[in-house]
1. Does region B:37-54 contain any residue that is within 24 Å of A:Ile97 (Cβ to Cβ), at pLDDT below 90 and either more than 12 Å from the chain's Cα centre (by Cα) or at the interface with chain A (Cβ under 9 Å from one of its Cβ atoms) (or both)?
2. Out of all the residues in region A:65-96, which are touching a strand residue (DSSP E or B) at 6+ places or on another chain (Cβ under 9 Å), over 16 Å from A:Phe23 (Cβ atoms) and free of Cβ contacts under 8 Å to residues at least 60 places away in the same chain?
3. How about region B:2-19: which of its residues are more than 8 Å from every other protein chain (Cβ to nearest Cβ) and either in a helix (DSSP H, G or I) or in contact with a Gly (Cβ under 8 Å, 6 or more places away or on another chain) (or both)?
4. Which members of region A:83-114 meet the condition of being loosely packed, with under 15 Cβ neighbours inside 10 Å and under 20 Å from the mean Cα position of the chain (by Cα)?
5. Just checking, how many residues over region A:101-145 are among the aromatic types (Phe, Trp, Tyr), at pLDDT 95 or above and under 24 Å from A:Ile74 (Cβ atoms)?
6. Kindly indicate the residue of region A:29-43 that is closer than 10 Å to A:Ile66 by Cα and among the hydrophobic types (A, V, I, L, M, F, W, C) and also modelled with the lowest pLDDT among those meeting that condition.
7. I'm checking my understanding of the structure. Among residues of region B:20-36 that are of a type in the set (A, V, I, L, M, F, W, C) and part of a loop (DSSP other than H, G, I, E, B), which one is farthest from the other protein chains (Cβ to nearest Cβ)?
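The values are calculated or read from the model by the stated rules, or taken from the named source; none is laboratory data. In this text, all values refer to a predicted model and were calculated from it rather than measured experimentally. Glycine also receives a Cβ, built like all others from the backbone with ideal geometry; neighbour counts cover every protein chain displayed.
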Amino acid sequence: MKTTYLFPNRLKMLSGVLFVISFVVLTALFVFDAYDQFKIKTTVFALFDDAVIGDPVYFGFTKNNISDELLMAIVLCSGIVFAFAKEKPEDEMVATIRLHSLAWATIANYGILLFCYIFIYGLTFLTVLMVAMFSQLLIFIVLFRYKMYRFYNSQQYEE
Amino acid sequence: MKNSIKVQRAIHNLTQQDLAEKIGVSRQTINALEAGKYVPSTVLSLKLAKLFSKTVNEIFELEDGD
């Protein structure tokens, strides 16, 4: 059984390190509200920008601090590659574990989202939407890594 | 589902690692198979049967509740 949609194993280590670092930086910048200290203000192309001040822009150019966009791009790309990189011994049982983790991550993620949707109001809800950008990926990675850890350390009873 | 992989492995004098390498899975997968924690795909079952020179039915057996 060959899986064709997985990334090569050699990218796993690199993307894992990149994901952890960028995720920690993203969280830290968000918690300490420090995006403004790392401003990379530039002109960007926008499909749509309903500018808080000024006229809205459709299919045009607008000014924006892109430090958070860059960081989110790194988190998502490295996260996807890390989550879907081949394991060293990639076989059908690993594929099954991956599928289970993905299913449970999806269920847990939408459970949490529904809970937050019902019980969180006001501006804090924007934080929920922000976290929802990568929460499923994060839950999947944690769950899959834990299950693979259990798998690699499963008891060996030889004769 | 029950299986007699452990018995067959003993008959052929293979370790879990040997068997894993011969059919191209990880050692942990063989371990899970023997413990009955994992039901293999048809391809893997056929590979095991071929290696042990048995039919799939001789290695795998349905249980109540399957």
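1. yes
2. Within region A:65-96, A:Asn65, A:Ile66 qualify.
3. The first filter runs over region B:2-19 and keeps only residues more than 8 Å from every other protein chain (Cβ to nearest Cβ), leaving B:2-9, B:11-14, B:17-19.
Scanning region B:2-19 gives B:Lys2, B:Asn3, B:Ile5, B:Lys6, B:Val7, B:Gln8, B:Arg9, B:Ile11, B:Gln17, B:Asp18, B:Leu19.
4. Once the filter is applied, which keeps residues that are loosely packed, with under 15 Cβ neighbours inside 10 Å and under 20 Å from the mean Cα position of the chain (by Cα), region A:83-114 yields A:Leu99, A:His100, A:Ala103, A:Thr106, A:Ile107, A:Tyr110, A:Gly111, A:Leu114.
5. 2
6. If we take residues in region A:29-43 being closer than 10 Å to A:Ile66 by Cα and among the hydrophobic types (A, V, I, L, M, F, W, C), then A:Phe38 is modelled with the lowest pLDDT.
7. Narrowing region B:20-36 to residues of a type in the set (A, V, I, L, M, F, W, C): B:20, B:23, B:25, B:30, B:32-33, B:35.
This time we only want the ones that are part of a loop (DSSP other than H, G, I, E, B), so: B:25, B:35.
On the way: B:Val25: 4, B:Ala35: 8 Å.
Here the answer is B:Ala35.
This table checks each residue for (1) surrounded by 11 or more Cβ atoms within 10 Å (Cβ to Cβ); (2) of a type in the set (Gly, Ala, Ser); (3) touching a residue at least 12 places away in the same chain (Cβ under 8 Å); (4) assigned to a strand (DSSP E or B).
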site: A:Met13; (1), (2), (3), (4): yes, no, no, no
site: A:Val20; (1), (2), (3), (4): yes, no, no, no
site: A:Phe23; (1), (2), (3), (4): yes, no, yes, no
site: A:Gln37; (1), (2), (3), (4): no, no, no, no
site: A:Phe59; (1), (2), (3), (4): no, no, yes, yes
site: A:Lys63; (1), (2), (3), (4): yes, no, yes, yes
